[in-house]
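Note sheet for the following structure.
Bear in mind these aren't lab numbers, they're just calculated from the coordinates by the rules spelled out. Predicted, not measured: the structure shown is a model, and the values here were computed from it. No Cβ is skipped: glycine too gets one built from the backbone with ideal geometry, and neighbour counts run over all protein chains shown.
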Amino acid sequence: MITKPYQNDQLSLLGMGNMRLPLQGTDGPIDRVKAAEMIDYGYRHGVNYLDTAYVYHSGESESAVGEMMQRYPRESFRLATKFLYAANPDFRAVFAEQLERLRTDYIDFYLIHAINDHSAAQYLQCGCIDYFLEQQKLGRIRHLGFSAHCSLETLKAFAAHHAWDFAQLQLNYLDWEGIGMKRQYEALTELGIPVVVMEPLRGGRLAELSQASSKILKDAQPDWSIPSWAFRWLMRLPNVQVILSGMSTLEQMQDNVHTFETAKPLTDEQDAVLQKAAEVFRKEITVPCTACRYCCDDCPAHIDIPRVLECCNRYQLSRFIGDLAPMKKWNAGPADCIGCGACTAHCPQSIAVPELMAEMARVLQG
């Protein structure tokens, strides 16, 4: 297992995310037998960083991890968990509950959870940071950091609060330029804040590419799995401390452990191959809207069609329903489309807008 030095410690480059553990049935509780099998395999092969959060699996993730890790010496692994203001603003009660769930008297890596442009002010004003810094002085928190889903400006402002020990960012080859994560990584690097990576596979989206893009990668490296390309791309970034993977099966754990056995970051030539595959992937799953707005003037429902298609593209890349949430607040959205086809008649890209509107309406209705 590849390890990297962190202060006076050594952390496995592969960290186990515990947000997508196997379940009993479709919507049942965590299958603790299968989850333990995964954790045991990872532990035996050098994975010593386990990440969870107060809200993962409706709170069951922390207790499951705490139960399963009782089999191992506490000093042999590192626990990471998080405080989410929106889930419960009582940070003192949450922290006490987390220690109990995890069956430990200290947290190795504690995070302010999911900083965004709205929640940053809440965290800065509620007193939780001062409290957690106090817990750090008492030894109940070893390292204090934050995870972020925010603008570059908010990230810089929050990072400037004090000398944070680490930060967690959504980094992958699809988002690097696409949503500006390169600049966020560079900003943290300039501040000397080590980065823990979340969503290296874009919620699993980069584990199974399209047939054409997968062929490009398989032709170049037949023995590599598709997910391994994303991990090897991240190995090129020197300020990446840990790469989290939210694994759901033992097979995924085994494949990831194999990838992280030795440090083999992508060469420049291999990176060029990956970028070619990524471009093919983007074109195959996204709508080629150029926002020319020729479609808007004759729409009887007065739908802002390019705006809808922008949300549609974000959803196609992430499969995250939250990417469609803004449409629920608009005066006119996909459900208002009457399928008249006036938009298609004016579209230089010949986009089948009514079909996409119907699809998005179905998704929004659940």
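General remarks:
- Using the Karplus relation 6.51 cos²θ - 1.76 cosθ + 1.60 with θ = phi - 60°, the per-residue 3J(HN,Hα) values for the range 17-29 come to x, 10, 9, 10, 5, x, 10, 8, x, 6, 10, x, x Hz, with x marking Gly and Pro.
- DSSP-defined antiparallel bridges as percent of all bridges, the chain, nearest 5: 15 percent
- Working from label points 7 Å from Cα in the Cα-to-Cβ sense, the ALA358 to ARG183 distance is 4.0 nm.
- Among LEU191, LEU11, LEU21: highest mean-square fluctuation, GNM of the chain, C-alpha pairs under 10 Å: LEU191
- From the alpha carbon centroid of the range 62-77 to that of the range 343-366 is 49 Å.
- Cross-link partners for LYS218 among the aspartates and glutamates, with Cα-Cα distance under 14 Å and sequence neighbours closer than 8 places in the same chain left out: GLU208, ASP271.
- Mean Cα-pair separation over length for the chain, i.e. relative contact order, pairs under 8 Å, 6 or more apart, %: 15 percent
- Extension gain, GLN349 back to VAL287 (0.36 nm per residue minus Cα-Cα distance, nm): 21.4 nm
- Residue separation of LYS329 and GLN365 scaled by 0.36 nm, minus their Cα-Cα distance, works out to 11.6 nm of gained length.
- Inter-probe distance in nm under a simple model that places probes 7 Å from Cα toward Cβ, at GLU37 and GLN254: 1.0 nm
- If a spin label sat at a point 7 angstrom from the Cα of THR262 along the line to its beta carbon, the backbone N atoms of the range 1-33 nearer than 19 Å would be those of 1-4, 13-14.
- When only Cα pairs below 8 angstrom with a gap of at least 6 residues are kept, the range 305-364 shows a relative contact order of 30 percent.
- Separation of the ILE2 and ARG92 label points, Cα + 7 Å toward Cβ, nm: 4.4 nm
- A Förster distance of 22 Å, applied to the separation of the beta-carbon atoms of CYS340 and TYR294, puts the FRET efficiency at 0.90.
- Which of TRP229, TRP176, TRP164, TRP330 has the fewest Cβ neighbours within 10 Å, and the rest in rising order: TRP330, TRP176, TRP164, TRP229
- Distant-in-sequence amide H partners of ILE115 (H built 1.01 Å from N, under 5 Å): SER147, ALA148, HIS149
- Between the beta carbons of GLN275 and GLU190, assuming R0 = 25 Å, the FRET efficiency works out to 0.50 to the nearest 0.05.
- Proximal charge balance of CYS299 [Cβ under 13 Å; K/R count +1, D/E count -1]: -2
- Within the listed set ALA64, ALA342, ALA277, the Gaussian network model of the chain (springs between alpha-carbon atoms below 10 Å) gives the highest mean-square fluctuation for ALA342.
- For a straight C-alpha distance cut-off of 26 angstrom, the lysines reachable from LYS182 (same-chain residues fewer than eight places away being disregarded) are LYS4, LYS82, LYS156, LYS264, LYS276, LYS283.
- Subtracting the Cα-Cα distance of GLN221 and THR26 from their residue separation scaled by 0.36 nm leaves 66.7 nm.
- Among GLY192, GLY145, GLY339, residue whose mean-square fluctuation peaks in a GNM of the chain (springs only between Cα atoms under 10 Å): GLY339
- When you work out D = kT/(6 pi eta Rh) for the range 305-364 at 10 °C and 1.306 mPa s, using the Kirkwood radius from C-alpha pairs as Rh and the Stokes-Einstein form, the result is 135 µm²/s.
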